[in-house]
Structure formats: C-alpha cells, structure tokens
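Encoded as structure tokens, the structure appears first; notes follow it.
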Amino acid sequence: MSHAVEYREVAKADAPKLVPFFEAFYGQWFGEPVTSNSVQRRIDQARGIETFVVAEREGKLLGFASLRLVPSLDLTPYAELSDLFVAGLYRRQGVGRGLLGFIEQRARERGADRLILTTGLKNVEAQWFYRAVGFEDHALAMKKSIGVSKAGNPREIRAAQRSVLWRRVDATGTESFLLSRDDTGWHLEGNVVALLDREPAHIRYRVACDPSWRARSAQISQDRAGVQREVHITVREDGRWWVEGEEDARLRPCTDVDLEISPSTNTIPIRRLNLALGQDSEVIAAWVRFPALTVELLPQRYTRTGANQYRYASRDFVTDLEVDDLGLVTRYEGGWSREAVADPGSSTLK
C-alpha cells in the first residue's frame, strides 16, 4: 500500500535531510561545503523572499521547490518558480506535479496571477515536463555576470578541453564525449548509444571531479526500452558517498567513479595517480552497472607500461589502454577505439 505524499513549507528539522538534495541540485555551484548549517543559513537568508517547500512521505524527503513572489508596477504581483528538484528514485511518480500544485496554490493565495520560471536551453527533459503541466514558451531569458566569487575572482566559464567520439569494437555502440574544466575542477560529459541486454539504450552522464581529479559527483540517466531511470551520486568533503539522497557506507573506501558503459572514467584514476613509468597502484572505484544502474565497489589496479600505455586489471579482467596527452582513451583493447577527436578552436574532427 502506497502512502500519500505530504507537501509543506520547510521546517528547521529538514536541514540535515536536505543536504544530499542540495549537493545533487547545486553541486559545486553552491559555493561552500553543503552541511546542515550552511543549508539552514541559506534558507534563513531567503526567508521573506522565498517560500521553500518540500515533498515528504513517511518522514523521508522526496524533493523540494522554491517560490518567489515579485512585486511589480502591475496591479498584481507575479510569482516565480525559482527551483524545483525531485530525487531520481521518485521521478515520474507525480511528486514534481504535486510540488508545482502546492506552489501554485501558495502563489494564488498571495495574490499572484501568473507563475513564471526559467530553465536551461539544453535541459530538454525539464522543458517537456513544464510544458506537460501547462507552461508555455513566453520570453527569452538572458543573463549577464556582474559579480565575483568569494575568492575575489570572476567565476571562470567552463572551458572545453577536448571532445571525442568512441566506438565499441566488441559490440554495437558509440559515445560522444566532452572533457571540460572550470574553477571547481574537471567535468566529464557523455552520450552513449548502445545495446544493453539486446535492448537499445541511450545513456547521458555528467561526472565532476575536483582539480586534483577526486570524484565529487555523478549524474546518470538511462532511456532503455521506453523506460527512463536515473541515479545521482555525491561525495562529501569528509569522503562519505551518497546515492539518491542516502549515504552508502559501503562506498567510503572509494576514490573514483567508474561507469561500466564508458571508457571515459578510466581517465579519472590515470590523471589522479599520475604514475611514473613502471609504477602501479590499486584503487577502489564506485562502479555503476548498466542497465541496472546499481553501484558496487570495484577494486582496480593501474600499471603504467609506457609513455601513453596502461595495464588495467580488475578481478579476473585484464586489458591494455592507450591514452592521449590528456589521459583520454584512444584504444581500450577489446572494448573501445577512438574514431575522432576535436580540440578547442578546431572546426573539424581529426
């Protein structure tokens, strides 16, 4: 028997429960470690300007939303949906619609006659959702950065380092990949099209690492046989790992994220370890399996066998990798080969 979801305004006791949600939603852009105190401080700062609401079932938070009432020269104020986030496990279950319904009710009670929002131009899934619940394209949102970060420097725009097209050599599948970096660290983004258990699948992911290549977060979505699933992973400063808003104590020994479906995440330990020729090192990765999207511990060993060659071993699996100057795979023996590459400023694939 399923229990009803309750929608209500945030309470002080919610701050610890909101930590993994803020980590997943804001990520490195939060600007400071996400802790119970920092979450509560942000909510307190916004009080009177923002109405922050949560969705809860049996004491467990499922998502949050934020409403801003904006006075204007019009006869009536307008309302703005400033944030909306539902944990991956609870998406497509009506939680997002419920949060929006609660927000709309609060906006009407406060005299607003319209509700607006902004969402990313490339966030197609979010656009589909908002149109499905009655929003329509209205205006073009524009922005101009005029401030500086707390460090006193303008926030660095993410700079593309290299884009790659990989092709499977042992099965049907391709991946388009982008490596970029900004002031928070390194970002790996990929789109994989492959057969998983004989079903066509489209996987999109983003993995963030700090400047020293320690994994900080991963967001993976999978569309397979008409079923969409997601998993969100965050790593706190104290080394604790959270999966879908719950701490997974099994993963505490892990240093890296490894996606079973992609050669891109081999770059993370290769760059982080920076092994000398002939040197080897053992790591433990949080291994994301496909199509189940489960997360397991996976001991691995990397041995640098040449200037751009590595021996990779895990359990009873051993293979050789060749990489480029950025540590990106050019040949994964028995798995992947690089078909094309483009660097910033280049208009053609090589």
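Looking at the range 191-206, can you tell me whether even one residue there is modelled with pLDDT of 85 or more, within 14 Å of the chain's Cα centre (by Cα) and open to solvent by less than 40 Å² (accessible area, probe 1.4 Å)? Yes, the range 191-206 contains a residue that is modelled with pLDDT of 85 or more, within 14 Å of the chain's Cα centre (by Cα) and open to solvent by less than 40 Å² (accessible area, probe 1.4 Å). Take the range 17-36 and flag every residue that is assigned to a loop (DSSP other than H, G, I, E, B) and at pLDDT 85 or above. Selection gives THR35 alone.
Annotation for the range 225-233: no member residue is open to solvent by 20 Å² or more (accessible area, probe 1.4 Å), part of a strand (DSSP E or B) and modelled with pLDDT of 90 or more. Determine the pairs where a residue that is polar (S, T, N, Q), located within the range 20-33, has a partner that is open to solvent by 20 Å² or more (accessible area, probe 1.4 Å) with Cβ atoms under 9 Å apart, the partner being 6 or more residues away or on another chain. Matching pairs, first to second residue: GLN28/ASP183; GLN28/THR184; GLN28/ASP210; GLN28/ARG216; GLN28/SER217. Taking into account only those residues within the range 235-247 that are part of a strand (DSSP E or B) and either over 25 Å from TYR302 (Cα atoms) or among the acidic types (Asp, Glu) (or both), which is most open to solvent (accessible area, probe 1.4 Å)? Looking at residues that are part of a strand (DSSP E or B) and either over 25 Å from TYR302 (Cα atoms) or among the acidic types (Asp, Glu) (or both), I get GLU246.
Selection within the range 1-50: residues that are charged (D, E, K, R) and buried (at least 17 other Cβ atoms within 10 Å of the Cβ). The member of this set that is nearest to the chain's Cα centre (by Cα) is GLU23. Return the residues of the range 205-236 that are of a type in the set (Asp, Glu) and over 21 Å from ASP248 (Cα atoms); say none if nothing qualifies. ASP223, the sole residue that qualifies.
Only residues that are within 17 Å of the chain's Cα centre (by Cα) and either under 14 Å from ARG301 (Cα atoms) or in a strand (DSSP E or B) (or both) were counted in the range 276-290, giving 3. Restricting attention to the range 65-123, the residues being of a type in the set (Gly, Ala, Ser) and on the phi > 0 side of the Ramachandran plot number 2.
When the range 51-101 is filtered for residues that are within 19 Å of LEU115 (Cβ to Cβ), touching a residue at least 60 places away in the same chain (Cβ under 8 Å) and open to solvent by 30 Å² or more (accessible area, probe 1.4 Å), the ones remaining, listed by number, are GLY94, GLY101.
From the list ARG315, ARG289, ARG338, ARG331, the one residue that fits, being open to solvent by 50 Å² or more (accessible area, probe 1.4 Å) and at pLDDT below 95, is ARG315. The number of residues in the range 294-312 that are surrounded by 17 or more Cβ atoms within 10 Å (Cβ to Cβ) and either assigned to a loop (DSSP other than H, G, I, E, B) or aromatic (Phe, Trp, Tyr) (or both) comes to 3.
Among residues of the range 112-144 being within 21 Å of the chain's Cα centre (by Cα) and within 16 Å of GLY98 (Cβ to Cβ), the one that is least open to solvent (accessible area, probe 1.4 Å) is TYR130. Just one of the listed residues (ARG272, ARG250, ARG181) is assigned to a strand (DSSP E or B) and either within 27 Å of LYS17 (Cβ to Cβ) or open to solvent by 10 Å² or more (accessible area, probe 1.4 Å) (or both), and it is ARG181.
Output the residues belonging to the range 18-53 that are in contact with a strand residue (DSSP E or B) (Cβ under 7 Å, 6 or more places away or on another chain) and either within 25 Å of ARG216 (Cα to Cα) or not aliphatic (A, V, I, L, M) (or both). LEU18, PRO20, PHE21, GLU23, ALA24, PHE25, GLY27, GLN28, ILE43, GLU50, THR51, PHE52 - these are the residues of the range 18-53 that are in contact with a strand residue (DSSP E or B) (Cβ under 7 Å, 6 or more places away or on another chain) and either within 25 Å of ARG216 (Cα to Cα) or not aliphatic (A, V, I, L, M) (or both).
The values are calculated or read from the model by the stated rules, or taken from the named source; none is laboratory data. Here the structure is a predicted model, which is why all the values come from computation and not from measurement. Neighbour counts run over all protein chains shown; Cβ positions are idealised from the backbone, glycine included. Just so you know, the surface numbers come from the protein's heavy atoms only, side chains and all, with ligands and any DNA or RNA stripped out. Shrake-Rupley method; radii C 1.70, N 1.55, O 1.52, S 1.80 Å.
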